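The structure appears right after this line, and notes come after that.
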Amino acid sequence: MFYLRSIKTKFCLFIALLILLPMGLFVGVAIHIHRSNLSQVEKMNSFLLTTTLMNEWKEKTYSMAALLAKEFAQPIFELDIHEMKYLAKLVTEGDGFRYIYVQDEKGRVLVDTTEGSQLLGEVLNDTLTRKALAVNRILMQKQADIVDVAAPVMVGTRHLGIVRIGFSTERIREVTGIATQKIGDSINQAFAIIVRDIFLFLPGSFCPDRNSWIYLYT
């Protein structure tokens, strides 16, 4: 129980109550608005991050597929499986691609970088493969959470096969979710500090006897 030492102290307490009551209402409304705005900010931030990361991955995969199509031309022409595996391994190490397939003009898998290489030697006739083999340009397709980029391997006008690189959008969503959560936590922390400072310092600014005001809080 605190001791009211003077009229000034009583006056400070009265003024503080007059300030704190509407402040409580104001802060309640502010918190509601903050939560609503934060939800909108998180949605917009998530959309922008997802779009940015997706575009970066698409450009990265597109460029890598174009490069590998040139590098694989000679090994496919000579059917040098060892060289093809070596080149594919260099790309997949640390780059985060889900898979790299090298297929001949009939769709037969010559290189499969996935664990176990279960498709090696298989002739794929799925929709993605058929569309990729049908065109002489780089083709980007999406199936479920996989984005597949296929580049034709050409020697002159001869179509030797395709190089396919796939990456998962699931990883992009995970990164976006983590980043959005961190931003939301930072905004919440800043808002909490502002509210705390308002309650601590605004009422005290109206008290002519600062020592008495501090005494009330101790």
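Can you confirm whether the stretch 83-98 contains a residue that is assigned by TED's automatic domain parsing to the domain that holds residue 145, surrounded by fewer than 12 Cβ atoms within 10 Å (Cβ to Cβ) and modelled with pLDDT of 85 or more?
Within the stretch 83-98 (the criterion being assigned by TED's automatic domain parsing to the domain that holds residue 145, surrounded by fewer than 12 Cβ atoms within 10 Å (Cβ to Cβ) and modelled with pLDDT of 85 or more), the answer is no, since none of the residues qualifies.
Any idea which of (1) among the β-branched types (Val, Ile, Thr); (2) surrounded by 18 or more Cβ atoms within 10 Å (Cβ to Cβ); (3) not assigned by TED's automatic domain parsing to the domain that holds residue 163 is the one residue 76 doesn't satisfy?
For residue 76, the exception is condition (3).
Taking residue 140 as the residue in question, decide whether it is closer than 30 Å to residue 174 by Cα and touching a helix residue (DSSP H, G or I) at 6+ places or on another chain (Cβ under 9 Å).
When the stated conditions are applied, residue 140 passes them.
What residue, of 109, 149, is crowded, with 18+ Cβ neighbours inside 10 Å, within 29 Å of the chain's Cα centre (by Cα) and among the hydrophobic types (A, V, I, L, M, F, W, C)?
It is 149.
The values are calculated or read from the model by the stated rules, or taken from the named source; none is laboratory data. In this text the structure is predicted, and so the values were computed from the model without any measurement. No Cβ is skipped: glycine too gets one built from the backbone with ideal geometry, and neighbour counts run over all protein chains shown.
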